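Where a number appears in this text, it was derived from the coordinates with a stated rule and is not lab data. In this text the structure is predicted, and so the values were computed from the model without any measurement. Backbone-built Cβ (ideal geometry, glycine too); neighbour counts: all protein chains shown.
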């Protein structure tokens, strides 16, 4: 029997330079539970270093937290990458550390990049600007994510900036991906009507929350037997009846 799990799969913490200072793991988990979410994904820009704490806090509150990251490709397109366990997260963090340009963070211009603990105390930071492109293209990121065992989903592909469409002008017909994320300005039906070749993909839509009030504003129903990374992967791939129904809003009305 399949269950419908409410999932917001694109959330930033205070570690992202554009993340509000209230976006601590503790606050995010609390807000997600309050909003009735069953699962979330933490996807900071070009770093995974706030994921593990959020996962632990989520387990304590009955919230399933997928470890992820929003990578900026060489083309300056944002890509969501999701991972099954600590080993995969650590392997991908090593990859990011090797390929992120060592540009010192200008806090006055870009904001802070803080690592905080469960008590919301600052325990570290990222010295290099995270909101920049790594020196690997989209195909190379996909290959590395899959080598490790993760999932690759280009982010907000219809957005006017930092997306496949803004940077390339289109979604490549031969794109390698496990799904596509669209923002709330369109729907899957509208995208497929314009670009029929995209119908092979599962679509997700998420809040892309940078502020605590926006966590869970937009979410998906993920239909699977139970909450696990393996089941989530099956839903993205439409396997054995699992699937994702996207574009839900906080008031439960389908757009």
Discussion item. Between segment 200-237 and segment 48-94, how far is it from one alpha carbon centroid to the other, in angstrom?
Written reply: 14
Worksheet entry | DSSP-defined antiparallel bridges as percent of all bridges, segment 3-249, nearest 5 | 70
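Work the Kirkwood hydrodynamic radius out for segment 3-249: mean of 1/r over every pair of different alpha-carbon atoms, inverted, in Å.
17.8
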Item to complete: Multiply the residue separation of residue 239 and residue 190 by 0.36 nm, subtract the distance between their alpha-carbon atoms, and state the gained length in nm to one decimal.
Response: 15.3 nm
Worksheet item: Computed FRET efficiency, Cβ-Cβ of residue 228 and residue 26, R0 25 Å: what is it to the nearest 0.05?
Response: 0.55
Discussion item. Contact order normalised by length for the chain, with contacts defined as Cα pairs under 8 Å and 6 or more residues apart; what percent is it?
Written reply: 23
Response to the item:
Plugging the Cβ-Cβ distance of residue 109 and residue 1 into 1/(1 + (r/R0)^6) at R0 = 35 Å yields, to the nearest 0.05, a FRET efficiency of 0.10
Worksheet item: For segment 144-178, list residues with backbone N below 20 Å from a point placed 7 Å from the Cα of residue 197 toward its Cβ?
Response: 153-159, 163-178
